[in-house]
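Every read-out reported here was derived from the displayed coordinates using simple, explicitly stated rules and does not represent laboratory data. Because the structure is a prediction, the values reported are computed rather than measured. Backbone-built Cβ (ideal geometry, glycine too); neighbour counts: all protein chains shown.
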Amino acid sequence: GLPEKVRIVEVGPRDGLQNESGPVISTDIKVELINRLADAGMQYIESASFVSPKWVPQMGDASAVMAGISRREGVVYAALTPNLKGLEGAIAAGVEEVAVFGAASESFSQKNINCSIAESLARFIPVIELAKQHDIRVRGYVSTVLGCPYEGDIDPAQVASVSRELLDMGCYEISLGDTIGVGTPTKARKMLARVANEVPVTKLAAHFHDTYGQALANLYAVMQDGISVIDTSVAGLGGCPYAKGASGNVATEDVVYMLNGLGIKTGVDLDKLVEIGNWITRQIGRNNGSKVGLALGCD
Ligand code: HMG
Ligand code: MG
């Protein structure tokens with residue numbers, strides 16, 4: 001059956017903006033976006049990424065973003081940290097939760113973080129240890145769980161094994177990334193079933209990009225199998241700089257609208273979210289990628 005409640009992880013300020021190829025978006029806009037998302041009831045906002053600014057110029061102001069936001073009680077402001085250098089930056093910026101990110105595909109791992117899957121996992125061990133010492137919770141991502149831009153199909157057993165290793169290292173939750181949005185519902189359920197053999201489904205999240213317009217259908221499918229944490233991006237912003245053709249994450253507005261219709265609680269104010277989606281897309285000169293945002297937007 002479907003879950004009663006879904007926890008939404010808003011990744012727009014990070015996954016949504018990291019891929020913008022134009023001029024670097026100002027810190028003020030990023031800070032306003034995060035503050036407004038918190039005001040709309042979002043309880044978990046992935047706000048920044050402590051990665052190499054040469055690799056991802058849009059995230060080069062991670063420390064300034066973290067310093068600029070007005071922290072709300074009960075809201076988690078998280079950041080990506082691929083290595084110790086990233087975690088040290090996050091700690092200095094007062095980040096209370098971080099994420100490491102690996103992949104189920106060797107080629108994607110190489111292109112994204114410049115190392116093999118095994119090297120990446122070895123690199124995460126000291127990151128997770130140091131985070132623990134600072135009482136910082138660590139989330140783990142696995143990319144390319146339903147397909148890779150370089151290798152095509154990915155064996156669900158490989159997704160399961162990387163997920164299991166991240167869990168065993170100390171990640172409290174594993175977010176399964178359909179990085180290039182190629183999945184379809186039955187494929188998503190089969191992948192999930194294999195991963196759930198290794199990791200309890202209550203510790204798994206769905207991070208689906210909407211490149212092929214399948215994300216809502218895939219989410220509805222995996223919710224039937226116990227997924228109750230969903231990563232989304234306001235206005236469907238974003239993509240991945242190392243995944244050719246990747247479009248944004250599934251739009252937060254679209255997911256909230258669907259969940260409202262299903263009677264599933266999220267605690268998010270859809271009207272405010274729609275305003276935010278229209279505002280941020282105007283700021284960065286993008287089309288709104290949310291159907292619900294277009295339908296309900298008044299300007
Ligand atoms: P590298 O070049 O192999 O690392 O990069 P290195 O240790 O040799 O360092 C090279 C340079 O980077 C050095 O500077 C380091 O100081 C610097 P230099 O001496 O040349 O001036 N450096 C850093 N600077 C700032 N922060 C850091 C950092 N680390 C090293 N943390 C590295 C390895 C992982 C750093 C690099 O490949 C990188 O930053 N990659 C970014 C990848 C990325 O951000 N991808 C997008 C996020 S993942 C994603 O979107 C998928 C997800 O959404 C799920 C899904 O959809 O599937 C999560
Ligand atoms: Mg992503």
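Within straight-line reach of Lys272, meaning a Cα separation under 15 Å, sit the following aspartates and glutamates at least 8 residues removed in sequence or on another chain: Glu10, Glu32, Asp39, Glu253, Asp254, Asp299. Length gained on full extension, Ser21 to Asn197, computed as 0.36 nm times the residue gap minus the Cα-Cα distance: 59.4 nm. Take the alpha-carbon centre of the range 194-234, take the same for the range 252-286, and report the distance between them in whole Å. Taking the Cα centre of each part, the range 194-234 and the range 252-286 sit 18 Å apart.
Could you tell me whether the range 44-86 comes out rounded, prolate or oblate from its Cα gyration tensor? Rule is a ≥ b ≥ c as square roots of the eigenvalues, rounded for a/c under 1.5, then prolate if a/b exceeds b/c, otherwise oblate.
Numbers: a/c = 2.64, a/b = 1.81, b/c = 1.46.
Prolate shape, in that a/c is at least 1.5 and a/b is the bigger ratio.
With a simple spin-label model that places each label point 7 Å from the Cα along the Cα-to-Cβ direction, the separation between Arg71 and Ala295 comes to 3.8 nm. What percent do you get for the relative contact order of the chain when only Cα pairs under 8 Å and 6+ apart count? Contact order relative to length: 20 percent. Between rounded, prolate and oblate, where does the range 1-115 land on the alpha carbon gyration tensor, with a ≥ b ≥ c its root eigenvalues, rounded for a/c under 1.5, else prolate if a/b exceeds b/c? Taking the square roots of the gyration eigenvalues as a ≥ b ≥ c, the range 1-115 is oblate.
If you take the alpha carbon atoms of the range 155-257 and fit the smallest convex hull around them, that volume is 98 Å³ per residue. Cα extents for the chain along the principal axes, largest to smallest and rounded to whole angstrom: 48, 43, 35.
A full extension of the chain between Asp135 and Lys265 corresponds to an added length of 43.9 nm, given 0.36 nm per residue minus the alpha carbon distance.
Relative to a virtual label point 7 Å from the Cα of Ala92 in the Cα→beta-carbon direction, which members of the range 32-51 show backbone nitrogen distances below 13 Å? The answer is 50-51. Each DSSP beta bridge with both residues in the range 70-207 is either parallel or antiparallel, and the antiparallel ones are about 5%. Applying 1/(1 + (r/R0)^6) with R0 = 25 Å to the Cβ-Cβ distance of Glu106 and Tyr172 gives a FRET efficiency near 0.45. For the range 1-105, applying the loop criterion from DSSP together with a ceiling of 11 other beta carbons within 10 Å to the trypsin sites (Lys or Arg not before Pro) yields Lys54. DSSP finds beta bridges in the range 140-253, and of those with both partners inside it, around 15 percent are antiparallel. Beta bridges per DSSP, both residues in the chain: antiparallel share near 5 percent.
Determine the sum of side-chain charges near Arg189: Lys and Arg each +1, Asp and Glu each -1, restricted to other residues whose C-beta is under 15 angstrom from that of Arg189. Taking every other residue near Arg189 into account, the sum is +1. A Förster radius of 41 Å combined with the Cβ-Cβ distance from Thr186 to Glu119 puts the calculated FRET efficiency at roughly 0.80.
State which entries of Lys54/Lys111; Lys30/Lys203; Lys5/Lys203 exceed 20 angstrom in Cα-Cα distance in the structure shown.
Lys30/Lys203
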